[in-house]
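A short write-up of the structure that comes next.
The values are calculated or read from the model by the stated rules, or taken from the named source; none is laboratory data. Model, not experiment: these values are computed from the prediction. Cβ placement follows ideal geometry from the backbone for every residue including glycine, while neighbour counts extend to all protein chains displayed.
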Amino acid sequence: MQQRYSLAAIILHWAIAALLAFQIAVGWALGSLGARGFALFQLHKSIGITVLLLTLLRIAVRWWKPRPAKLEGGWQGALASGVHVGLYAFMLGAPLTGWALVSTAKVKVPTLFFGVIPLPHLPLPMASHGLAEGGHSLLAWIGIALVALHVAGALRHHVMMRDGLIWRMVPGRSTALLIGLPALILVGFLLGRAILPGAAPVAPQAPAANAVEAEDVPAEDNAVEAASNASDNAAAPAANETAAVAEEPAGPPPAWMVQPGGKIGFSVGNSGETISGSFSKWTAKIVMDPDHPDSADIKVTIDMASASVGDAYKDGMLPGDEFFGSAAHPTATFLAKGAEKTGANAYRAHGTLTLKGVAKPQAIRFTLSGSGKTRKVSGSASIARLPFGVGNGDSSTGLDPKVTVTFNFDAKTQ
Ligand code: HEM
Ligand code: HEM
């Protein structure tokens, strides 16, 4: 029976391999996440430092319990050893270049190791930032190439030479572990992809389900676009936006408190006149960094029974099944993750509107004015009421198919 690596060495080998795969999956996404990535940057840095510590432990274990004797000499044996040295260099180099790049960044974002222990910045000259950043990015590819060689070598021993070398890195002679341990690397990578914001399916901007919606979508976009451009009269230089997103965010995107006095109103044409009303009860939870609109996380909840058009007779009809069906569906919600900039202060968010129990993709437009900790928010949405079953009876024959919802309120952050 062949000698095997110590159990500690085996556990560390597979744990580090899986963590590295996770790091690469998350790392590749960091640059494009903007402010939404704050928590992921912290996680990437914490796990990276964990890999550094585990690798130091692994080197200590190797010293303490020397590895089993080499099975193969010659150039193949030398290549295997060379690749092992390269893999150790990758396991140490990736976290060290990552640490160096955050230590030399223009904006020094503190790292809290798993949210608890502050990680000091390495005393390195600022001029080394480019080198550290380039090295960090390149090392991932060098690591992938070395692992490919390493796995090819392991397979060569297993399939062609059948010398049982692979069992030296597997505890026991368990076939389940022989498959399960390398599979951990794939699990690590997939887990890294799965936790990225936006990896979860956001309400698809699917092609409209029926002809009415299909025609209506572009019309709505144009109409409101014109309105928002008119109110802004200056379009944002697109270059600003892309430049701003690549930096490591200094903090999580701020949460905004809606101030009393705001309004959500609606209006709809009815046989040539306009019926206008508003909702007196609604709440909005808004998280968004105006400079990184992709960070937006918006949830608006409207109490449908609070709708009024200022006419007792019509108000009496609104909660009924022909209109809002408020007894069965007391609230409507609008949820959006991420928004895009369409002008200097103008934004558009694609989300999901749930109204009368029906969920559909819905776009809203809004502008932000003011600066610092206070903003005036105003915007609108054009809602096709028929897919939601709003106005589905005899009294609705004269109602336009589109309802315009407008909102304006002040929002404050801490
Ligand atoms: C365990 C090892 C690590 C691996 C395998 C790894 C891998 C990666 C990869 C593949 C990227 C994307 C690079 C690109 O844009 O091409 C990345 C980005 C990044 N990593 Fe790591 N990383 C590790 C550890 C760390 C550590 C310890 C830190 C900081 C303490 C760190 C900080 C960063 C930062 C800030 C970025 C953002 C991209 C940039 O500004 O260039 N990483 N990482
Ligand atoms: C499916 C993937 C992998 C397989 C099948 C595998 C298999 C093995 C085997 C059988 C050995 C023992 C070689 C010998 O006794 O001569 C070994 C050693 C080693 N593996 Fe892996 N490995 C894999 C992935 C990785 C990854 C991702 C890394 C790190 C980036 C890594 C780093 C190492 C190192 C540094 C050694 C040398 C240990 C020492 O002697 O100090 N391996 N691997």
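Please identify the pairs in which a residue from the range 86-103 that is over 13 Å from residue 138 (Cβ atoms) and of a type in the set (Ser, Thr, Tyr) has its Cβ atom under 8 Å from the Cβ atom of a residue that is near ligand 1 (Cβ under 8 Å from one of its atoms) and assigned to a helix (DSSP H, G or I), counting only partners at least 6 apart or on another chain. If the second residue must be near ligand 1 (Cβ under 8 Å from one of its atoms) and assigned to a helix (DSSP H, G or I), no pairs are left. Across the range 27-39, the number of residues qualifying as more than 14 Å from residue 247 (Cβ to Cβ) and near ligand 1 (Cβ under 7 Å from one of its atoms) comes to 2. In this structure, residue 50 does not qualify as closer than 30 Å to residue 118 by Cβ, near ligand 1 (Cβ under 9 Å from one of its atoms), touching a Ser or Thr at 6+ places or on another chain (Cβ under 9 Å) and assigned by TED's automatic domain parsing to the domain that holds residue 168.
All of 23, 42 fail the test of being within 8 Å of ligand 1 (Cβ to nearest atom) and assigned to a helix (DSSP H, G or I), apart from 23. Here residue 385 passes the criteria (1) surrounded by 15 or more Cβ atoms within 10 Å (Cβ to Cβ); (2) under 17 Å from residue 259 (Cα atoms) except the one numbered (2). Between 123, 118, 68, the distinction of being within 27 Å of the chain's Cα centre (by Cα) and more than 9 Å from ligand 1 (Cβ to nearest atom) belongs to 118 only. Identification of helices (runs of 4 or more DSSP H) wholly contained in the range 123-240 with 3 or more residues that are modelled with pLDDT of 95 or more yields 129-155, 175-194. Report whether or not residue 139 is buried (at least 18 other Cβ atoms within 10 Å of the Cβ), more than 11 Å from ligand 1 (Cβ to nearest atom), farther than 19 Å from residue 37 by Cβ and not aromatic (Phe, Trp, Tyr). When the stated conditions are applied, residue 139 does not pass them. Only one entry in 51, 85 is touching a Pro at 6+ places or on another chain (Cβ under 6 Å) and within 11 Å of ligand 2 (Cβ to nearest atom), namely 51. Name every residue in the range 276-318 that is of a type in the set (Gly, Ala, Ser) and touching a residue at least 12 places away in the same chain (Cβ under 8 Å), in order of residue number. Within the range 276-318, 276, 277, 278, 280, 284, 295, 296, 305, 306, 307, 308, 310 meet the criteria.
Contact map, the range 384-408: residues that are assigned by TED's automatic domain parsing to the domain that holds residue 301 paired with residues that are among the polar types (S, T, N, Q) and surrounded by fewer than 16 Cβ atoms within 10 Å (Cβ to Cβ), Cβ distance under 6 Å, separation 6+ or inter-chain. Pairs shown: 398/271. The criterion of being aromatic (Phe, Trp, Tyr), within 16 Å of ligand 2 (Cβ to nearest atom) and in a helix (DSSP H, G or I) holds for residue 14.
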